[in-house]
Structures are given as structure tokens and as C-alpha cells.
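To start, the structure under review is shown below, and the notes come after it.
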Amino acid sequence: MSTPQYKRIVLKLSGEALAGEQGFGLSPEIIKSVAEQVKEVVELGVEVAVVVGGGNIWRGKVGSEMGMDRATADYMGMLATVMNSLALQDSLEKAGIETRVQTSIEMRQVAEPYIRRKAIRHLEKKRVVIFAAGTGNPYFSTDTTAALRAAEIEADVILMAKNNVDGVYSADPKMDKTAVKYDVLTFIEVIQQGLQVMDSTASTLCMDNDIALVVFSIMEKGNIKKAVLGETIGTVVRRNS
């Protein structure tokens, strides 16, 4: 068996990744595939935490563009991440992986409240922990949530799984055929070049806490395991080159 390069990871899934080609709602096939890939990693002895977006159900930015109060729109987005988290938990447990959902907004009937020490204890017991409801505050993205939680639980890396791209490019490869894919970047380069990896708040958090980021495609089965094993895949973003 190959040796994992990381002991504890945060897997960041966009809501759109869970929607599949339909672009909205949940794709049972995609959720099952993600659960199977996470199971592969857990069986390697890696501690796995997950942060899920909610863009497949609701995007706070869209609500604010409609004239909705930004904070209200963002809270709706947080609730969407809870729905995705519960769906992923169900799929993981059907695959035989013990899972806990922790929410930043308290809703004890459906999930545990986020408690850092409790989350770490779950991870030490090899349970998958899904962090839902973002940071619990409006104006912060789930990318920032992933960076914040990774710092709090002292994760070794953030694995950012994308559904529409297999790494970081100089421009949108679907719109610009001359776009170049990067193998390695620094967070400073990401911020200075305005690359669409994660928002600047999340990038700064990762940089300040020396948390590496691997951006790759979730659509190819086995990619999460490949990333954990340190295989060359997607784009790696570090504090220093």
C-alpha cells in the first residue's frame, strides 16, 4: 500500500460539483462517487474533514444582485450547505464510513454544533467530519470556511475538488484556448494575478498559516486518493515556491 503524504486533510467540495452536469440540485451518482473516493482515503488511515458549498441550491451573491439584503441571502446559502452536507453524510454512512455533520449555525435536531475540540476528537477516531453552514457569518465564502477550519484543526492540506476544471489556469480554459495550466503557484501569485482559485480572504488565511492547497478535478474517480498520495495532479498552491 502506498503511503499517504498527509495525516489530516480538508476536502473542499463546491456545491456545483455535487450537481453534476444538470447544474442544479443533487446528483445521486456524483454524491455516491465522492463517498466512495472519500472511503478510499479513510481506509488509508487519513483523517478527513469536508467543507461543502451550496451553489447548486442557492448562491448568496445572486440573491444580493436581485436586491435581497446581502446578509439574508448569505444565510440562505449557509442553509443550502447544510442540505448538501446531510446528503453527503447519508451517502458516506451507506458506504460504511462513520460521519458527523457540524454546523456553524446551531440546529441540534439535524447536526452537532461546531466545536473545535470535538471535531478533532471525531477525526482522531477516524470519523469523517463535515463542516456545514460556512463560518456562520455573512460575507464569508465556503472557501474561507475551508481555510479557517483547516487552520483550526491543524490540517496538513486543503484538497479543492472542482467539477469543471482540472487545475488552475491563467484564464478560463473554456473561454480562452490559449489559457495555460499551472503546476505550482504561490498564494501571492494567486492574489496578485487575480486567479480564480479561492477568494483573497481564504488565500491570505492559507498563506499566513502555511496551509498548502491542491486544486484538481473531482470528475475522474480516484483523484482524491491520488492527491492524498502526493501524485502529480492538478495544481499545487503553497506559501513559498
Margin query: Considering only residues that are under 12 Å from the mean Cα position of the chain (by Cα) and of a type outside the set (Gly, Ala, Ser), which ones fall in region 6-33?
Written below: Ile9, Val10, Leu11, Lys12, Leu13, Glu16, Leu18
Notebook entry, point to check: Does Lys61 count as under 15 Å from Leu123 (Cα atoms) and among the charged types (D, E, K, R)?
Noted result: no
Note to self: Condition first: touching a Ser or Thr at 6+ places or on another chain (Cβ under 6 Å), in a loop (DSSP other than H, G, I, E, B) and surrounded by 15 or more Cβ atoms within 10 Å (Cβ to Cβ). Can you find one or more residues in region 31-53 that meet it?
What the structure shows: yes
Item checked: Residue list for region 173-208, filter: of a type in the set (S, T, N, Q) and either in a helix (DSSP H, G or I) or farther than 18 Å from Ser141 by Cα (or both) -> Thr178, Thr186, Gln192, Gln193, Ser200, Thr201, Ser203, Thr204
Check: Applying the selection to region 154-164, what residues are surrounded by fewer than 20 Cβ atoms within 10 Å (Cβ to Cβ) and either out of contact with any Phe, Trp or Tyr (no Cβ under 9 Å at 6 or more places or on another chain) or part of a helix (DSSP H, G or I) (or both)?
Finding: Glu154, Asn164
Check: For region 7-16, what are the residues that are closer than 24 Å to Leu44 by Cα and crowded, with 24+ Cβ neighbours inside 10 Å?
Finding: Ile9, Val10, Leu11, Lys12, Leu13
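Kindly indicate whether Pro28 is farther than 30 Å from Thr3 by Cβ, modelled with pLDDT of 95 or more and surrounded by fewer than 18 Cβ atoms within 10 Å (Cβ to Cβ). Working first, answer last.
Values: farther than 30 Å from Thr3 by Cβ: yes; modelled with pLDDT of 95 or more: no; surrounded by fewer than 18 Cβ atoms within 10 Å (Cβ to Cβ): yes.
No, not satisfied.
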Notebook entry, point to check: Given Tyr75, Tyr6, which one is out of contact with any His (no Cβ under 7 Å at 6 or more places or on another chain) and in a helix (DSSP H, G or I)?
Noted result: Tyr75
Next item on the list: Provide a single number: the residues in region 204-232 that are in contact (Cβ under 8 Å) with a residue 40 or more places away in the chain and either of a type outside the set (D, E, K, R) or touching a Lys or Arg at 6+ places or on another chain (Cβ under 7 Å) (or both).
Entry: 20
Check: Just wondering, is there one or more residues in region 13-21 that are within 15 Å of Ile224 (Cα to Cα) and outside any helix (DSSP H, G or I)?
Finding: yes
Notebook entry, point to check: What number of residues in region 89-142 are in contact with a strand residue (DSSP E or B) (Cβ under 6 Å, 6 or more places away or on another chain), in contact (Cβ under 8 Å) with a residue 60 or more places away in the chain and not in a helix (DSSP H, G or I)?
Noted result: 6
Check: In region 44-85, which residues are hydroxyl-bearing (Ser, Thr, Tyr) and touching a Lys or Arg at 6+ places or on another chain (Cβ under 6 Å)?
Finding: Ser64
Note to self: Take the residues in region 58-71 that are farther than 13 Å from Ala133 by Cα and modelled with pLDDT of 90 or more; name whichever of them is farthest from the chain's Cα centre (by Cα).
What the structure shows: Gly67
Note to self: Six or more apart or on different chains, Cβ atoms under 7 Å: show the pairs whose first residue is in region 58-82 and farther than 28 Å from Thr99 by Cα and whose second is assigned to a helix (DSSP H, G or I) and of a type in the set (Lys, Arg).
What the structure shows: Ser64/Arg70
Notebook entry, point to check: Does Ser104 satisfy the condition of being farther than 30 Å from Thr3 by Cβ, of a type in the set (Gly, Ala, Ser) and surrounded by fewer than 18 Cβ atoms within 10 Å (Cβ to Cβ)?
Noted result: no
Notebook entry, point to check: Under the condition of being among the basic types (Lys, Arg) and farther than 23 Å from Glu154 by Cβ, which residue from region 194-241 is surrounded by the most Cβ atoms within 10 Å (Cβ to Cβ)?
Noted result: Lys226
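The values are calculated or read from the model by the stated rules, or taken from the named source; none is laboratory data. For clarity, every value in this text was computed on a predicted model and none was experimentally measured. Methodologically, a virtual Cβ is constructed for each residue, glycine included, from the backbone with ideal geometry; neighbour enumeration extends over all protein chains shown.
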